[in-house]
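The values are calculated or read from the model by the stated rules, or taken from the named source; none is laboratory data. The structure presented is a predicted model; accordingly, all values stated were derived computationally and were not measured. Note that each Cβ is placed from the backbone with ideal geometry, even for glycine, and that neighbours are counted across all protein chains shown. Accessible surface areas use protein heavy atoms only, side chains included; no ligands, DNA or RNA. Shrake-Rupley method; radii C 1.70, N 1.55, O 1.52, S 1.80 Å.
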Number of protein chains: 2
Amino acid sequence: MPTADFIAKCIRQARGLETADLVLKNARIFNLADGSFIQGDIAICGDRIVGIGENYEGWAVLDCSGMTAVPGFMDAHVHVESSLITPYEFERCVLPHGTTTAVCDPHEISNVCGPAALEYFLDCAANMRMDLLVALSSCVPATDMETAGAAITYEDLRGFVGKPCVAGLAELMNVPGVLNLDPSVLAKIELFYGNIDGHAPLLDGKDLNAYIAAGVCNDHESHELEEAREKFRKGMTVFIREGSVARNLDELMPLVTIENAPFLAFCTDDRNPKDIAENGHIDGMVARCLAAGCNPLAVYRIACFSPALQRSLKYKGLVAPGYFADIVLLSDFDKCQVASVICKGRLVNDELFASRKPEPSTEIFRNSVKCKKVTAEDFRIVSYKIEMPVIGIRELSLLTDYLKLDMPAGEKKADADRDIAKIAVLERHGKNGNRALGFVHGFKMQKGAIASTVGHDSHNICVVGMNDQDMACAVNALIDAQGGFAVAIDGQVVGLQPLPLGGLMSDRDYKTVHASSEQLQAAAAKTGCPLESPFLQLAFLPLPVIPFLRITDKGVFDVANWSFV
Amino acid sequence: MPTADFIAKCIRQARGLETADLVLKNARIFNLADGSFIQGDIAICGDRIVGIGENYEGWAVLDCSGMTAVPGFMDAHVHVESSLITPYEFERCVLPHGTTTAVCDPHEISNVCGPAALEYFLDCAANMRMDLLVALSSCVPATDMETAGAAITYEDLRGFVGKPCVAGLAELMNVPGVLNLDPSVLAKIELFYGNIDGHAPLLDGKDLNAYIAAGVCNDHESHELEEAREKFRKGMTVFIREGSVARNLDELMPLVTIENAPFLAFCTDDRNPKDIAENGHIDGMVARCLAAGCNPLAVYRIACFSPALQRSLKYKGLVAPGYFADIVLLSDFDKCQVASVICKGRLVNDELFASRKPEPSTEIFRNSVKCKKVTAEDFRIVSYKIEMPVIGIRELSLLTDYLKLDMPAGEKKADADRDIAKIAVLERHGKNGNRALGFVHGFKMQKGAIASTVGHDSHNICVVGMNDQDMACAVNALIDAQGGFAVAIDGQVVGLQPLPLGGLMSDRDYKTVHASSEQLQAAAAKTGCPLESPFLQLAFLPLPVIPFLRITDKGVFDVANWSFV
């Protein structure tokens, strides 16, 4: 909170009795209070805006002629780990896109390393320039249907209550736990009632009423318009998600109206560096809404003001006195073309990032792949059943289909003609050495295998392949690299992106990671897989909280019936 | 906060596994998330809504066929004392009008009795059925320009931080104190930064920037549209006020649009029981906006949702799961005709009020008029100056004009032909016996005098009259009654409304107070005064924070120049 001395300084600078710390000269402010434009100066004292609509003198002056100033953007829900980089690098990557606030849920790395991962994220957040708010991972492990590397208990969570940068309880994926009154879930809810993020794909009717009445405030899992409509009519803030796999913006865009704006937000959830480089971040979502003809006042409110208010984050989302000086300067308002970004009163550039305290140590995240090397034999499937459950993937969606396909009795192999690949999940946290095998439809691979230590949410090794040798080769490459993504063809590793931090994050800068991702993708394409993001698509197949058929280290799982097949 | 047991009960009732505590059957819900209507049941568990849009069974069922359900209303800023009744009676008066939430500032009674008055209001609030939030009076005494009965210091305020029902710092009227960096004002600001109510009539430009940058969030003192527009464009929530004297609704109604709704609220500030009986409360403001053709979604959002969100009051302002079951059932939606009110899940009726704990003791508020009897001689004015400062009142406005009128040298008397009356303010807290005399234009009295122990904000005795004898008679009547309003004509007390609690509040029920107010008004009319609310108009004349000319116990005060004349 500001001190009396700082408040006095703000008053003096606002009144023009003292030179402002920074003045954005001749800006055109897009005023989110009513949609009007205000021409003039923006005076900034420390991290706060202190004056608009008047002439001001500043120690530093930035000429903003021809630019439109809008409030910094907010990513309402993001897993930083999905960008494959650390929080410090994430900020370097997204802050220049105008994302000055993000609510992250470190549940990927928490599933590998437990409460220490939350501590690490909070340490990072305390030293970052943007506002990174950390929602506390609620479901680690996500379910009993998988083996995670660590658990976060009620007692762990209680220790984080009231700490700086804590944003409440992160997405409460265990919907059955809520509806069936699981005591451990209820205890967590009691702790964070009213500050709980939701995750409730396809939930509706009385069960949705119950989930919301339990104190869950928002949801980012609506794929269909009517689903989203029911949720926000029942008071949830609907986060419109545009991730690298789950892309809901086009479908949900009709919601973006001035009437609905108080109940909407934008989020990326899981977005990789390639996607951010090509399509931007929240700025890209804003641009697409504007291009589609959405009301600009609605769009820009949704981009920060509305979710900040719903989350009781004060002084965020307006260019107005008292508000944090998080300002995006646009060279083209209608296209949301970001020219410069001001973050808490400072220009975003290399110097700003260089001024941060050193990044907290990542040593605890290393050496997280604790399983034995495998052989082709480990992937062999022999069964005399004819009808087999097969996971059907849907491109650019997290949902999968529960297919039942006939396969010859005896040894069951992948079949390129029918687009059936083998899939396996191998426990890699040194707990029990579980291995599960199954089949998947939709990768359209012709040969080889791809493997990943990113496998939501327990992040065991998952591998898809057309033959057992390449599956073993790809998995062993990941064990050697202590995590990452690998492609093997004909017994050779043809692509490898190391992610040595928890098997989830790189220790390199975001540009290097982006380049490495492109090489990896090129290697994956050699298997014949035409998917845009084959590794992300693979990484979500072990997630037992999303309908309909998944695979974990414990077996193939029927989500609708909440049981193993 | 809800317990895990209660949350579990909510979940069971929401799912329909257990009979709901109360079901509002066949209601038409006006959904403030998007302006749609939802037909169906509203299931309530305890004080919360748990289900909408489905069929529910309830232990208690209220047939709501033909009714429209909207969220309970909020009075964003009110001085309960101005209704001349105690908080318990205030609730009996306004809750049936659908006002389920109010943010009050007990600064009238605080000026008489100090921090004990805040304690009393918090005690009342803790036991009331509606949500009465107590904003802590920031300026007691309001200024150094008057003598109050008590002071509330920084240390006093600090003792209230974090207590239940505390809503932050109440209207920060000492604008010069803010702008000129008064250390005691800055200390209070530091304590409540970002949770501070404003009071800044006519403030604009850089000074308004400074006032807002100091952490003040809202304002209810805009009389003109452009003034209000500048304030909300700078991020303030503008409270549209319709008090018994200060009435801004017609002037500010053009602001009521769906775009502006997040930054608007309704408030009554100072409204007497007669006014509430005749014009309703927030329901009456809603009805007038609807009749004038305002967008219903905007109007109903402003009536609670928007100000609750801006104030970070969770779960208020929607009829949706998880939200407090504060519901107004309307027999006529377009006219905002209230048929029944549900407050925290209970039907509002005599039984509900009878179930409250006994009212906290009001003994500390008695015997507050501590001044000596007066004689006609005390009101004699002799001066050889010709041009005299005269307070010019404006009907239905708190603003006054600074008039300069010529009066004959020597003894200066009231002059009915020129509409000049005498005015006096007498210190009544037993501090110094100050008396100030002056002249006022606009009461149009022909004879007699009216006197009041309500005299904002120090609540000294103020009296207006056409002759010294009647002024003395009216004042002495108030001393005998230990507070209230009096009318004297020809040496006789012809009207008296006792307000023995601090000289501000009655110890009777609101209907008796209303009847007594009507008798008083009839008596006041006998003086020839045609004003609708002569006592309220009188009561605001000592208020030195409102432009342009006022009178306190210390003398006649020029607000613009912040000095005595």
Which one, A:S340, B:A200, B:A125, projects farthest toward the positive side of the charge dipole computed for the protein assembly as shown from Cβ point charges (K/R +1, D/E -1)? B:A125
Region A:188-332: translational diffusion in µm²/s, Stokes-Einstein, Kirkwood Rh over Cα pairs, 25 °C, 0.890 mPa s: 154 µm²/s
Under Stokes-Einstein, region A:30-95 at 4 °C and 1.567 mPa s, with its Kirkwood radius over C-alpha pairs, diffuses with a coefficient in µm²/s of 87 µm²/s
Computed [θ] at 222 nm, helices only, for the protein assembly as shown once each DSSP H run of length n ≥ 4 contributes -39500 (n - 2.57): -7500 deg cm²/dmol
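So what's region A:275-336 giving for Rg/Rh, alpha carbon basis, Kirkwood Rh from the mean inverse pair distance?
Computed over Cα atoms, the ratio is 0.99.
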How many times 2.2 N^0.38 Å is the alpha carbon radius of gyration of region A:67-127? 1.21
How big is region B:274-429 along each principal axis, measuring the range of its Cα positions in Å and listing the largest first? 73, 45, 30
Given Cβ charges of +1 for Lys and Arg and -1 for Asp and Glu, the option among A:A477, A:M445, A:V513 whose Cα lies farthest towards the positive end of the dipole of region A:423-549 is A:M445
Rounded to the nearest 5, what % of DSSP beta bridges with both residues in the protein assembly as shown are antiparallel? 70 percent
Nearest-0.05 FRET efficiency for B:E351 and B:E224 at R0 = 60 Å, using Cβ-Cβ distance, is 0.85
Just the number, please: carbon plus sulfur as a percent of the accessible area of region B:211-261, 1.4 Å probe, no ligands or DNA/RNA counted. 43 percent
Point-to-point label distance, A:D419-A:S184, nm (Cα→Cβ direction, 7 Å offset): 3.9 nm
DSSP beta bridge pairing in region A:1-135, given as percent antiparallel to the nearest 5: 45 percent
Cα-based Rg then Dmax for region B:481-565, in Å, read 15.1, 43
In region B:315-330, the residues losing 10 Å² or more of accessible area (1.4 Å probe, heavy atoms of protein chains only) relative to their chain alone are B:Y315, B:L318, B:A320, B:P321, B:G322, B:Y323
Cα-based convex hull, region A:1-128, per residue volume (Å³, whole number): 136 Å³
On alpha-carbon atoms, Rg over Rh for the protein assembly as shown using Kirkwood Rh? 1.05
The correct pair for region A:165-268, radius of gyration to one decimal and Dmax as a whole number, both in Å and from Cα atoms, is 13.4, 40
Here the correct list, in nm and shortest first, of distances from A:E411 to the same site in the other copies, label points 7 Å along Cα→Cβ, is 12.7
Counting sequence-distant residues (5 or more places) and residues on other chains, those with an amide H built under 5 Å from that of A:S244 are A:D270, A:R271, A:N272
Where labels lie 7 Å past Cα in the beta-carbon direction, separation of A:A126 and B:L396 in nm: 5.9 nm
Considering only DSSP beta bridges where both residues belong to region A:180-334, give the percentage that are antiparallel (nearest 5). 10 percent
Length gained, A:N561-A:R366, 0.36 nm per residue minus C-alpha separation, equals 66.5 nm
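Can you work out D for chain A in µm² s⁻¹ from Stokes-Einstein, where Rh is the Kirkwood radius over C-alpha pairs, the temperature is 37 °C and the viscosity is 0.692 mPa s?
135 µm²/s
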Nearest 20 debye, what's the magnitude of the dipole of the protein assembly as shown about its Cα centre given +1 on Lys and Arg Cβ and -1 on Asp and Glu Cβ? 720 debye
Working only with C-alpha atoms, what are the Rg and Dmax values of region A:339-426, expressed in angstrom? 24.4, 68
Copy-to-copy label separations for A:T512, where each label sits 7 Å from Cα toward Cβ, in nm and ascending: 8.3
Spin-label zone in region B:455-490 - amide nitrogen under 17 Å from a point set 7 Å from the Cα of B:A522 along the C-beta vector: B:486-489
Magnitude of the Cβ-charge dipole of region B:283-358, K/R +1 and D/E -1, about the Cα centre, nearest 20 debye? 400 debye
For region A:477-520, the spread of Cα positions along each principal axis, largest first, Å: 31, 21, 10
Rg over Rh, two decimals, region A:385-452 (C-alpha only, Kirkwood Rh): 0.99
Shortest first and in nm to one decimal, what separations exist between B:Y154 and its copies in the other chains, measuring from label points 7 Å along the Cα-to-beta-carbon line? 4.4
Take the Cα gyration tensor of region B:416-565, multiply each eigenvalue by 5, square-root it, and list the three semi-axes largest first, rounded to whole angstrom. 22, 18, 14
Buried accessible area for the B:A pair, summed, 1.4 Å probe, in Å² rounded to 100? 5700 Å²
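If you average over every viewing direction, what projected area does the convex hull of the Cα atoms of region A:249-355 give, in nm²? All intermediate terms of the calculation are to be shown ahead of the outcome.
Working: hull surface 31.0 nm².
Approximately 7.8 nm², given one-decimal rounding.
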Under 13 Å between C-alpha atoms, the lysine pairs in region A:337-487 lying 8 or more places apart or on different chains count 9
